[in-house]
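The values are calculated or read from the model by the stated rules, or taken from the named source; none is laboratory data. Bear in mind the structure is a predicted one, so any value in this text is a computation, not a measurement. Ideal geometry is used to build each Cβ from the backbone, glycine not excepted, and the neighbour counts take in all protein chains shown. With ligands, DNA and RNA removed, areas are computed over all heavy atoms of the protein, side chains included. Shrake-Rupley method; radii C 1.70, N 1.55, O 1.52, S 1.80 Å.
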Amino acid sequence: MTSCAVPGCQKDAAGRHQPFCVDHYFKLPKAYTGLVTRTSIECDRTDDADRRQHLRDQLAGYIASCIRQLPNSGAASAPQPAPESARRPQSPPCVTAGAPKQRGFFDE
Ligand SMILES: [Zn+2]
């Protein structure tokens, strides 16, 4: 079992495709953790080495974005204690093809 991707956290990751511990998983916005899980699974099932590398890079970026969402991660330069419900989750960087279904907003 790997440990949580959050620096300094010693707990075990929640699952094979979820590099955060359960505590951190529930602290993170769903849009972010969902993207991490999705990308991890996609990375796992692709046979294309180039694509896998690309997904791995993306995954690392998403994990970094997640960590920046945590107020006490130490990685955040400007913590923003905005309540999740008060703002729309930002799109994580590097969203390319196979982006999460954030339709609905633009789906007209
Ligand atoms: Zn953790």
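Would you mind working out the magnitude of the charge dipole of the range 1-48 relative to its Cα centre, with +1 at each Lys and Arg C-beta and -1 at each Asp and Glu C-beta, to the nearest 20 Debye? Mind showing how you got there, number by number?
On the way: 6 positive and 6 negative charges, 54 e Å.
Dipole about the Cα centre, nearest 20: 260 debye.
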Fill in: Around residue 17: net Lys/Arg minus Asp/Glu count, Cβ-Cβ under 9 Å
+1
Discussion item. Net charge around residue 4, counting only other residues with Cβ within less than 14 Å of its Cβ (Lys, Arg = +1; Asp, Glu = -1)?
Written reply: +1
Worksheet, complete the sentence: Over the range 1-73, with neighbouring protein chains present, the accessible area per residue in Å² at probe 1.4 Å is 59
Worksheet, complete the sentence: By the mean-Cβ-within-10 Å protection proxy, highest first, 26-37, 49-60 rank as 26-37, 49-60
Worksheet item: Within the accessible area of the range 1-73, what % is carbon and sulfur when the probe is 1.4 Å and the other protein chains stay in place?
Response: 48
Worksheet item: If the chain between residue 3 and residue 22 were fully stretched, how many nm would it gain, using 0.36 nm times the residue separation less the Cα-Cα distance?
Response: 5.7 nm
Practice prompt. Determine, from the Cβ-Cβ distance of residue 49 and residue 12 and an R0 of 25 Å, the FRET efficiency 1/(1 + (r/R0)^6), rounded to the nearest 0.05.
Written response: 0.30
